[in-house]
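Asker: This is the structure I want to talk about, given as structure tokens.
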Amino acid sequence: MPFSFAVIVPAYNEAEVLADFHARLGAVLDGIDAVSQIIYVDDGSGDDTWQRLRSLADADPRVQALRLSRNFGKEAAMTAGFDEVDADAVVIIDADLQDPPELIPELIARWQDGNDVVYATRGERDGETRTKRFTSAAFYRVMERLSDTPLPRDTGDFRLLSRRAVEALRELRERQRFMKGLFAWIGYRQTSVVYHRDARHAGRTKWNYWRLTNLAVEGITSFSTAPLRVATWLGVSAAGLAFLYGLWVLLKALIWGDPVRGYPTLMVVILFLGGAQLLALGVIGEYVGRTYSEAKRRPLYYVESRHGGRPPFT
Ligand code: UDP
Ligand code: MG
């Protein structure tokens, strides 16, 4: 029995690759026995991504294009796609051809086996530096230790979701969205398929180490309160050590008298305590900031315009 199938593609300044990408994705969809739909979400691109998406939508009835009112980030663009979609199975894929559309039939096969989330795990990777590989491995290791939600390793956002997984995801409206964590958090039956990740086809990556570091902080603080505990333990042990040291100084003064010395020890104690306090404050600030931005309850994105086919199966 044919099912309804949709592909969500967040695109930010991807004009160069869109035609190639669409040709490859279209060819894959032709081979699938399903009522297919492609939702492109233009995340406020500055180049002519939107014009190209409109012409794709005019030429191909499967295409629906959505333009956000500004660049909200990939996570918001994906959310916009999830809010829009209505299909039995949904695949989310990057526009830059780093995720091979040819893997989609395999994802679908796993879904038909009864899995709700099928994520694609990267095997070896081309076009990525040793440092990038090392830092991302380190990040997953830290996350694994800190968080209660196990994150699948070496997984991007390329994955298939069943209808009920999409519905679950739609209910998570937190502003600080660490998608990889959210995907794992919803649970259901999850499985993986291994693939080979290509280097970017054209255009440039929008990630740099600054954005990646922020994403890592995002991931850790969204899914773990361990840093708060670290601050507590640091404070407790600093205070304990300071107390013992104070006792020792007192005893020493009582027994041997107190020549005026001790400038170095004084400095060490002050600096150490000052440092520990600042660290704890920073960690608390991180969570307070998070509470603040959640408390505002702002919408995650605005749609500026739409173009092309409404879902054929509604
Ligand atoms: N993207 C987006 N909004 C952004 C940044 C990226 O929609 O603010 C899209 C981008 O067009 C691509 C996908 O997210 O389809 C992955 O982006 P990129 O290739 O820059 O990330 P990487 O593959 O390096 O992780
Ligand atoms: Mg990419």
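Asker: Is the range 146-162 home to any residue that is part of a helix (DSSP H, G or I) and either within 16 Å of ligand 2 (Cβ to nearest atom) or among the acidic types (D, E) (or both)?
Answerer: Taking every residue of the range 146-162 in turn, none turns out to be part of a helix (DSSP H, G or I) and either within 16 Å of ligand 2 (Cβ to nearest atom) or among the acidic types (D, E) (or both).
Asker: Now for a separate question. Every residue in the range 77-102 that is away from ligand 2 (no atom under 16 Å from the Cβ), in a helix (DSSP H, G or I), out of contact with any Pro (no Cβ under 8 Å at 6 or more places or on another chain) and not hydrophobic (A, V, I, L, M, F, W, C), please.
Answerer: Within the range 77-102, T79, D83, E84, E102 meet the criteria.
Asker: Further question on the same structure: List, please: which pairs have Cβ atoms under 6 Å, are six or more places apart or on different chains, and start with a residue in the range 156-171 that is over 18 Å from S192 (Cα atoms) and free of Cβ contacts under 8 Å to residues at least 60 places away in the same chain and end with one that is hydrophobic (A, V, I, L, M, F, W, C) and outside any helix (DSSP H, G or I)?
Answerer: Listed pairs, sorted by first residue: A168/I186.
Asker: Right, something else. With the condition kept exactly as written, say whether any residue in the range 103-113 is surrounded by fewer than 21 Cβ atoms within 10 Å (Cβ to Cβ) and within 16 Å of ligand 2 (Cβ to nearest atom).
Answerer: Yes, that holds for at least one residue.
Asker: Say whether the condition of being farther than 30 Å from M143 by Cβ, at pLDDT 75 or above, in a helix (DSSP H, G or I) and not aliphatic (A, V, I, L, M) is met by at least one residue in the range 255-268.
Answerer: Yes, the range 255-268 contains at least one residue that is farther than 30 Å from M143 by Cβ, at pLDDT 75 or above, in a helix (DSSP H, G or I) and not aliphatic (A, V, I, L, M).
The values are calculated or read from the model by the stated rules, or taken from the named source; none is laboratory data. Treat the numbers as computed from the prediction; the structure is a model and nothing was measured. Note: ideal-geometry Cβ built from the backbone for every residue, glycine included; neighbour counts use all protein chains shown.
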